[in-house]
Amino acid sequence: GHKNAPIVIVEYSDFQCPDCARGEKVIDQLMKKYPSKIKLIYKHFILGIFPYSSLAAQYFEAIFLQDPKKAWAFGRKVFENQRKLRNGVKVLDKIAHDLKVDKDRLKKDLGLPFILEKIKRHTGEAQSMGMRGTPSFILNGVPIREKDFNSGDPLSYFERAIKILVK
């Protein structure tokens, strides 16, 4: 989104969480509807219940070092292929390959300590704010926890909040 947007959404998400895949679709709709009004900050919230969440987050961050646009495309593809994540590394490698990511650099960057620390820091940050599940959001400083997001129509929920915040 626009760097000076009046609405800042911080999204805490887990690539293997089914509700997060739904959350990604809602965020995509909002970004298309309000392209100059929303800035999105994506953060990892690894719940520890899905076996490939952390690895998918590491891939995202390592790809981001090469090309942020490819990293966003990678994340979208992971959400679209969640069911296939049972095959773990094979699926992540195929998505990266299809996006023409430099696989040698990817393998080297996956083990970088600052990537692991960043993912851990994001998760700790969410937990320190009382977030217990995903997806969770902060909309201009106001927390929207997973239970709020998952009750009712999340797109309408966000749109009502945006209309209040952007006059």
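The values are calculated or read from the model by the stated rules, or taken from the named source; none is laboratory data. Just so it is clear, the model here is predicted, and its values are computed rather than measured. Cβ sites come from the backbone with ideal geometry, for glycine too, and all protein chains shown count toward neighbours. These area figures cover heavy atoms from the full protein model, side chains too; ligands, DNA and RNA do not enter into them. Shrake-Rupley method; radii C 1.70, N 1.55, O 1.52, S 1.80 Å.
Below, the figures for the structure above:
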{"item": "Residue within region 15-26 that is outside any helix (DSSP H, G or I) and surrounded by fewer than 14 Cβ atoms within 10 Å (Cβ to Cβ) present", "result": "no"}
{"item": "Every residue from region 46-69 that is open to solvent by 60 Å² or more (accessible area, probe 1.4 Å) and touching a Lys or Arg at 6+ places or on another chain (Cβ under 9 Å)", "result": "Pro51, Tyr52, Phe64, Leu65"}
{"item": "Flag if Glu125 is surrounded by 14 or more Cβ atoms within 10 Å (Cβ to Cβ), within 18 Å of the chain's Cα centre (by Cα) and either closer than 25 Å to Asp67 by Cβ or not hydrophobic (A, V, I, L, M, F, W, C) (or both)", "result": "yes"}
{"item": "Residue match in region 93-113 (condition: in contact with a strand residue (DSSP E or B) (Cβ under 9 Å, 6 or more places away or on another chain), surrounded by 14 or more Cβ atoms within 10 Å (Cβ to Cβ) and without any contact (Cβ under 8 Å) to a residue 40 or more places away in the chain)", "result": "no"}
{"item": "Residues satisfying the stated conditions in region 31-53, i.e. closer than 28 Å to Asp93 by Cα and in a loop (DSSP other than H, G, I, E, B)", "result": "Phe45, Ile46, Leu47, Gly48, Ile49, Phe50, Pro51, Tyr52"}
{"item": "Members of region 5-61 that are at pLDDT 90 or above and among the polar types (S, T, N, Q)", "result": "Ser13, Gln16, Gln29, Ser53, Ser54, Gln58"}
